[in-house]
Amino acid sequence: MSEVENAGSGKSEVTSSGAGAINRRSLLKTAGALAASTGVLGAPAVLAQKTKKIRFLNIETAEGSKEVLLKGAAEYKKLTGVEVEIDTNSLDQAWIKVQASIRAGKPYELFMASFIGHVALLASQGSIVPLTSLTNKYKWGRDVLLPIKGEVYWYPYDYNHATVHYRKDFYEQNGFKPARTFDEYLKINKAFADGKSKVGSVFPIESGASTNWASTGFFWAEGVRLFDDKWNVIIDNAEMRPKVMRVLDFYAELAQYMPKDLAQASWLEGYNAFLAGNAAHYSFVPIMMEYATMGKNNFKGKIGLTNYPSSTGKEVGMTAGYDGIVVTKGPNTAEAMRFLEWYVDNTYIDFICNRPLLYQPPRLDIYDNPKYINSPIVKDNPEAVQFLKDLVTKNDVVMGSIDTEGPEISEKAGKVFQSFAIPIMLQERLLKKTPSSQCVDIGAKIMRTALSK
Amino acid sequence: MSATAQQKMKKSGLDHLLTAMILLAVLMTFLLILVPLLSGIALSFLKIDSFALDGLPSFAGLGNFESLFSTGAFNNALKNGIIFSAASVVIQLVLATLVALILNQTFPGRAFVRTALIFPMLIPPVVVSLLFRWMNNQSFGIFPKWLQSFGMEPIAWNTPELAMTQVVLLGVWMWTPFMTVSILAELQSIPSSLYEAARVDGAGPFSQFFHVTLPHLLSVMSIIVLLRMIWTFNNFELIWLTTGGGPLNSTETLPVLSYRQSFTLYELGTGAATATVSFGILLAVVLIATRFLPVNKD
């Protein structure tokens, strides 16, 4: 039995002339089909259309985000005929797929990145193209373009700062104000915790990205820096050691107001404890506020955002986070650039305005955009919006993040991030009660080993 | 054509079919087991820089193995793997034997209990792990609430002291049914006449267990213990999902270490070296077991 594609109609016609039998009729049919299909493939317009497809690796899985991207892709196709395939993946999987696609010689034309170290790595290898000409068209918030040797290699689409959330209603009832010092913060935690299910704070200490991001704000507030200008690890030098020790000892005190199963806490434990009314503080991007506006929880008006305190209160800190779109080098780079140029003036704004707190705008014009101003989430949370805007337009908060530490943007900081040196220091201090000075030695050793590889 | 000739042709056709099926099985084994295995072993002798996408792998000799043994991580993971496998399998064997003995008796609802016993095996490890985590969460978990209602402190499972106990208990909960079912099947095949004869000879329940039941169970016990040891030693998902190998590497076994090296630290060569050594250890265990245990009994 043989099957021949009828090129004209697109239907299949099945002949039953026996296995392997070739007769005049079937030969003519096959030849006709081949000629027809060759003609179709040879048509210049169709051929051009076939090659006009670019792939966009999306890492944003929050409700509605993928839909906005798909809508944008459909609009773009209607406008230009170019198909933009949106491939949605978790953050962990995305980097593996980006690497694999580049190695295979068929890179994703565009992808979203969360770690600037990855961007630096690809830039150093010439796998991605500069986007400076696009970013130059707008004004940006602080510390987000993160240029590498004078060129910007990603188009930032949000800030993801690890913001400390507090129970506003509890603060108001007890006359508390957001803490600037460790002592003030401990006092508030003590007032909320009941030694049973109610805890003052939930900050993860697992060996994972959640700890690197959500639990390091106290270090930045205290003025801790990880490297000198030659990439030497300095957390154990005369200046940094006491600072790191102070934060570790503060954590040891705070631990009495945190859950006992702290080592298991990851992204969601703090969120869920807060949502259950059992935690006064946790750190995340303000999606709980968005859900309150959407009517998905009863915390409307009950959540406040604040910074991480320090020992003296002289400075407060924040762990910075960002995401950006990257364009890879390849045969479709020009097409990808054309799409990105269109995207940043169209879908980009819709994408941000769909979840304006989760995707805090890095581009300053967005804050004045009517779509943003009239977003129900923005209207519902003016204090939070102002707090977030101040973070990126003023310089009164010490910003830090492991992957942007060091004299320049480099994958070196990424290696230290992946070594989980800070989570291990915290675990040593809180779970094994190791003296803070020894914890610093352990952390410094892990960082140096990571850098040496 | 004579009947004999027809029979010969039929036999020859059958032989061809059998040969083809065997060849297919060999080919599949080669493609799906041997090729990945050999690739993994080859990888352990290569230096691959995940941070250099345009760089080609280079021969590293025994460099990855030296790197592996130069830190305490390997010894720690090996020790944890042995504790995890041995504790899990011993507890499972004892429990499974007791449960199988009970289920071998006649009592109302026995069929239901036997069916219900299988349920833990049907639940994916990711569900078991997450449920356990949520149920034990101090802020909103049900177990801490119960303990607190009796005036007791919640148990902090994820500490260096208790984390291993936690994963062992979860493993026991999940996989004891497999052992129970296997032992129960063997129990049902023991002729009742043997017990009658033992009773006539004055043997009590304990004596019957040690002189009739246990000798009959030894063969199946050897097989399931060996299988469970291999599966537990190689288990990745339960530990990874429950503790991630922590805290402070207190539950990090060789598969978890290999994953961490390969996909967290991006040291693919060292990760492959860990997997190769782990494979070698298991191979040695299997060879010794098949030599000395009654698993190859005809």
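The values are calculated or read from the model by the stated rules, or taken from the named source; none is laboratory data. Remember, it's a predicted structure, so these values are computed and weren't measured experimentally. Cβ atoms come from the backbone with ideal geometry, glycine included; neighbour counts cover every protein chain shown. Quick note on the areas: whole protein, heavy atoms, side chains included, nothing else; ligands and nucleic acids left out. Shrake-Rupley method; radii C 1.70, N 1.55, O 1.52, S 1.80 Å.
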(request) Within the range B:102-143, which residues have the backbone N less than 18 Å from the label spot 7 Å out from A:SER90 along Cα→beta-carbon, could you tell me? (result) B:124-134
(request) Take chain B, connect every pair of alpha-carbon atoms lying under 10 Å apart with a spring to form a Gaussian network, then pick out the residue of B:ALA156, B:ALA275, B:ALA198 with the largest mean-square fluctuation. (result) B:ALA198
(message) Springs between alpha-carbon pairs under 10 angstrom, Gaussian network model over chain B: which of B:ARG110, B:ARG199, B:ARG260 fluctuates most?
(response) B:ARG199
(message) Using protein chains only and a probe of 1.4 angstrom, how many square angstrom of A:CYS353 are accessible, to the nearest 10?
(response) 20
(request) Search the structure for amide H atoms under 5 Å from the amide H of B:THR251, placed 1.01 Å from N in the peptide plane, and list their residues when 5 or more places away or on another chain. (result) B:GLY246
(message) Rounded to the nearest 20 debye, what is the charge dipole size of the range A:81-233 about its Cα centre when +1 sits on each Lys and Arg Cβ and -1 on each Asp and Glu Cβ?
(response) 340
(request) Mind checking which aspartates and glutamates have their Cα closer than 19 Å to the Cα of A:LYS149? Skip sequence neighbours fewer than 8 apart in that chain. (result) A:ASP228, A:ASP229, A:ASP403, A:GLU405, A:GLU408, A:GLU411
(message) I need the phi-derived Karplus couplings for the range A:386-398: 6.51 cos²θ - 1.76 cosθ + 1.60, θ = phi - 60°, integer Hz, Gly and Pro marked x.
(response) 5, 4, 5, 5, 4, 4, 9, 10, 10, 10, 9, 10, 6
(message) Checking the table A:LYS296/A:LYS394; A:LYS190/A:LYS300; A:LYS53/A:LYS106 against a 23 Å threshold on Cα-Cα, which pairs fail?
(response) A:LYS296/A:LYS394; A:LYS190/A:LYS300
(message) Which aspartates and glutamates, if any, have their Cα less than 14 Å from the Cα of A:LYS177, not counting same-chain residues under 8 positions apart?
(response) A:ASP169
(message) Let me check something: with ligands and nucleic acids excluded, how do A:PHE219, B:PHE30 order by accessible area (1.4 Å probe), largest to smallest?
(response) B:PHE30, A:PHE219
(request) State the answer as a single residue: which of B:TRP231, B:ALA163, B:THR290 lies farthest towards the positive end of the charge dipole of chain B, with beta carbon charges of +1 for Lys and Arg and -1 for Asp and Glu, about the Cα centre. (result) B:THR290
(request) Kindly list the residues of the range B:93-130 that lie in the label zone of B:LEU169, defined by a backbone N under 15 Å from the point 7 Å along the Cα-to-C-beta vector. (result) B:129-130
(message) Calculate log10 I(q)/I(0) of chain B for q = 0.10, 0.12, 0.13 Å⁻¹, where I(q) comes from the Debye formula with a single equal point scatterer on each Cα and nothing for solvent.
(response) -0.78, -1.00, -1.09
(message) Please list, in order along the range A:438-453, the HN-Hα scalar couplings obtained from phi with the Karplus expression 6.51 cos²θ - 1.76 cosθ + 1.60 (θ = phi - 60°), rounded to whole Hz, x for Gly and Pro.
(response) 5, 4, 4, 4, 4, x, 4, 5, 4, 4, 5, 4, 4, 6, 6, 8
(request) Identify, among A:GLN125, A:VAL164, A:MET112, the residue whose Cα sits farthest towards the positive end of the charge dipole of the range A:56-185, taking +1 on the Cβ of Lys and Arg and -1 on the Cβ of Asp and Glu, with the dipole about the Cα centre. (result) A:GLN125
(request) May I ask you to evaluate 6.51 cos²θ - 1.76 cosθ + 1.60, the Karplus curve with θ = phi - 60°, for each residue of the range A:129-134 and list the ³J(HN,Hα) values in order in whole Hz, giving x for glycine and proline? (result) 10, x, 10, 4, 4, 7
(request) Sort the protein assembly as shown into rounded, prolate or oblate with this rule: let a ≥ b ≥ c be the square roots of the eigenvalues of the Cα gyration tensor; rounded if a/c is under 1.5, and if a/c is not under 1.5, prolate when a/b is larger than b/c, oblate otherwise. (result) oblate
(request) Please give the FRET efficiency for A:GLU253 paired with B:LEU162, using the beta carbon to beta carbon distance and R0 = 22 Å, rounded to the nearest 0.05. (result) 0.45
(request) For the range A:138-294, just say rounded, prolate or oblate: build the C-alpha gyration tensor, square-root its eigenvalues into a ≥ b ≥ c, call rounded for a/c under 1.5, and beyond that prolate if a/b exceeds b/c, oblate if not. (result) oblate
(request) Divide, for the range A:221-358, the radius of gyration over alpha carbons by 2.2 N^0.38 Å, where N is the residue count. (result) 1.45
(message) With just the Cα atoms defining each centre, how far is the range A:377-405 from the range B:236-276? Give it in Å.
(response) 36
(message) Of the candidates B:SER250, B:SER182, B:SER149, which one comes out as most mobile in a Gaussian network treatment of chain B with C-alpha springs shorter than 10 Å?
(response) B:SER149
(message) As a test question: what accessible area, to the nearest 10 Å², does A:SER207 have when a 1.4 Å probe is rolled over all protein chains in place?
(response) 60
(message) From the protein chains alone at 1.4 Å, what is the descending order of accessible area for A:GLU383, A:GLU60, largest first?
(response) A:GLU383, A:GLU60
(message) If I model a spin label at B:ILE190 and A:ALA104 as a point 7 Å from the Cα along the Cα→Cβ vector, what separation in nanometres do I get?
(response) 5.6
(message) How big is the range A:96-176 along each principal axis, measuring the range of its Cα positions in Å and listing the largest first?
(response) 60, 30, 18
(request) Could you check what % of the DSSP bridge pairs in the protein assembly as shown are antiparallel, to the nearest 5? (result) 65
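Which whole number gives the average count of other chain Cβ atoms within 10 Å of the Cβ atoms across peptide A:263-270? Intermediate results must be reported in sequence, preceding the final value.
Numbers: counts 12, 16, 5, 2, 0, 4, 6, 1.
Going residue by residue through A:263-270 and averaging, the value is 6.
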(request) Enter the accessible area of A:TRP154 (Å², nearest 10), with the probe set to 1.4 Å and all protein chains included. (result) 0
(message) How large is the Rg to Rh ratio of the range B:92-229 when both quantities use alpha carbon positions and Rh follows Kirkwood?
(response) 1.09
(message) What number does the range A:211-292 give for Rg over Rh if you use C-alpha atoms and the Kirkwood radius?
(response) 1.06
(request) Amide H neighbours of A:ILE234 under 5 Å, at least 5 residues apart or on other chains, H built in the peptide plane: list them. (result) A:PHE227, A:ASP228
(message) What lysines does B:LYS79 reach when the alpha-carbon gap must be under 28 Å and sequence neighbours fewer than 8 apart in one chain are set aside?
(response) A:LYS260, A:LYS415, A:LYS432, A:LYS433, A:LYS445, A:LYS453, B:LYS47
(message) Going by amide H atoms built from the backbone, whose H comes under 5 Å of the H on A:GLY317, apart from near neighbours?
(response) A:ALA221, A:TYR308, A:VAL398
